[in-house]
Amino acid sequence: MTPEITITEFVALRETKKPYQLIDLREPYEAERCTLGGTLIPMGEVLERRSEIRRDVPVVMHCKSGNRAGAVVQALTARYGFTNVMNLKGGMEAWKVEVDQNINCD
């Protein structure tokens, strides 16, 4: 099972002010439309850029719907032994529904 964090849990994590890393796995043109902040590492580059992913704090990975992030989390966990990475369940689509209905990612 892919480690996940819900939108509600992610909002709570942000509010704690504890360190974490947020990685946006979308393409640059997608991130230009809307962003949650964090580091942009497109899915196609993430394995070669894995040295940029921290191992000492929780790492939340997101994309548009959660599909790309889920696949990346699985790969990082299975192939490279990451234990601190998680998929933002539902991605930007869920963020729009649950947190910010005014965000326009289309």
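The values are calculated or read from the model by the stated rules, or taken from the named source; none is laboratory data. Keep in mind the model is a prediction, meaning the values are calculated, not measured. No Cβ is skipped: glycine too gets one built from the backbone with ideal geometry, and neighbour counts run over all protein chains shown.
So the values come out like this:
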| quantity | calculated |
| --- | --- |
| Check on PHE82, out of contact with any Lys or Arg (no Cβ under 6 Å at 6 or more places or on another chain), buried (at least 17 other Cβ atoms within 10 Å of the Cβ) and assigned to a loop (DSSP other than H, G, I, E, B) | yes |
| Leading residue by the ranking (surrounded by the most Cβ atoms within 10 Å (Cβ to Cβ)) among those in the stretch 9-35 that are touching a helix residue (DSSP H, G or I) at 6+ places or on another chain (Cβ under 7 Å) and not in a strand (DSSP E or B) | LEU25 |
| Hits in the stretch 66-75 - residues which are modelled with pLDDT of 95 or more and more than 17 Å from LEU22 (Cβ to Cβ) | ALA71, GLN74, ALA75 |
| From the options MET86, MET92, residue that is modelled with pLDDT of 95 or more, touching a helix residue (DSSP H, G or I) at 6+ places or on another chain (Cβ under 9 Å) and within 22 Å of ILE7 (Cβ to Cβ) | MET86 |
| Top-ranked residue of the stretch 35-63 - restricted to ones that are closer than 17 Å to LYS96 by Cβ and at pLDDT 95 or above, ranked as nearest to the chain's Cα centre (by Cα) | HIS62 |
| Close pairs from the stretch 37-49: first over 17 Å from THR77 (Cβ atoms), partner not in a loop (DSSP other than H, G, I, E, B), Cβ under 6 Å, at least 6 apart | GLY38/LEU22; GLY38/ILE23; GLY38/ASP24; THR39/ILE23; LEU40/ASP24; LEU40/ALA31 |
